[in-house]
Each structure stands twice: as structure tokens, then as C-alpha cells.
Amino acid sequence: MSRLLERLRRLSAAEEFFAALDVPFEQRVVDVNRLHILKRFHDALAGQDVEALDDDTATALLRQRLDEAYRQFAGGAAPAKTFKVFRQQEAGFVPLKALKP
């Protein structure tokens, strides 16, 4: 596994992904839409074998996908209720797979 992916797997917050991939963002947008952005980022990477890429290529791809996911919400084009979050009471948190479009 590449050093990039090892480092990214330790991250747990949207802000950490932006910082690690050096993608500019407005904190206000992330404060409101962090789960939605990460869900779009995750969905954009589905089916892509990032582990097979070298670190430079993987970094470029991840930056592009995160930037695209962010821009969908930063521009205000997505309605406020694009996703509904279903909280799992026993877990105490909302996993990405629980976000339903």
C-alpha cells in the first residue's frame, strides 16, 4: 500500500482530507456540508483502483475528486436537503454508507 493511502486512511474529518490533499475550501461551506461532501467524494472514487496508482497520480486524482465534490456544495447548486441522514442509535455516529441520496 502506498504511503499516501496509509496516511489518508488515518484521517477522520473533512477538514483533514482538504488539508492532506491541499484542496482550498471555505470553512463555512464545510461546516454545513461536511458529510455530504465526503459522501460525494467517496462515491466518486467507487470502482476506481487508487491502490494501483503511484502516489503522484493518486494524489492528483483524489484532489480532483474532492474538489469536484466540494464545488457541488460551494456553488449552492445542491438543495439543502439533498441527503437525509439516518442515525443509527446504537452506533452513536452516522457512517458514510448511512447517507441516502
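Quick notes on this one:
- Segment 29-50, subset modelled with pLDDT of 85 or more and charged (D, E, K, R), residue farthest from the chain's Cα centre (by Cα): Asp49
- Selection from segment 54-101 of residues that are hydrophobic (A, V, I, L, M, F, W, C), surrounded by 13 or more Cβ atoms within 10 Å (Cβ to Cβ) and at pLDDT below 65: Ala78, Phe83, Val94, Leu99
- Tally of residues being free of Cβ contacts under 8 Å to residues at least 24 places away in the same chain, of a type in the set (S, T, N, Q) and in a helix (DSSP H, G or I) across segment 1-57: 2
- Flag for Asp22 being modelled with pLDDT of 85 or more and more than 10 Å from the chain's Cα centre (by Cα): yes
- Checking each residue in segment 28-53 for being surrounded by 10 or more Cβ atoms within 10 Å (Cβ to Cβ) and within 15 Å of Gly75 (Cα to Cα) picks out Val29, Val30, Asp31, Val32, Asn33, Arg34, His36, Ile37, Arg40.
- If you go through segment 35-70 and keep only what is small (Gly, Ala, Ser) and within 15 Å of Ala20 (Cα to Cα), you end up with Ala58, Ala60.
The values are calculated or read from the model by the stated rules, or taken from the named source; none is laboratory data. Remember, predicted model here, so these are calculated numbers, not experimental data. Ideal geometry is used to build each Cβ from the backbone, glycine not excepted, and the neighbour counts take in all protein chains shown.
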